[in-house]
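I have placed the structure first, in the form of structure tokens, so that the comments after it can refer back to it.
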């Protein structure tokens, strides 16, 4: 059983882009509109471990299986989700299924990226 980590954050902050980068795929659609991700995208990421490489040199096994983390790209969180707004209850159900949370925060202005809330002020 591997660790399951969910990527969360406001809409259009780069969650799907991060998912695609760490899972080395283009599985998640990354577009500039709300709720581009509705169903969670999942992918497995190998965890690099130099100790495993050393053990492989010493033991010379038939195969080496690295530890993996399951990454889940969860739809963006919007104000009122706890009251069922947006994907509200679906978002909460998806986040309950993960062991760890990776929060993505955008800390730069870009007029080309849609934004629901006011100005960025970290």
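Where a number appears in this text, it was derived from the coordinates with a stated rule and is not lab data. Since we're looking at a predicted model, the values are computed, not measured. Note: ideal-geometry Cβ built from the backbone for every residue, glycine included; neighbour counts use all protein chains shown.
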Next item on the list: Between residue 53 and residue 107, take the C-beta separation as r, use R0 = 41 Å, and let me know the FRET efficiency to the nearest 0.05.
Entry: 0.70
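Can you tell me how much longer the chain between residue 46 and residue 93 gets when fully stretched, taken as 0.36 nm per residue apart minus their C-alpha distance, in nm with one decimal? Walk me through the intermediate numbers first.
Details: separation 47, 0.36 × 47 = 16.92 nm, distance 2.58 nm.
The residue 46-residue 93 span can extend by a further 14.3 nm.
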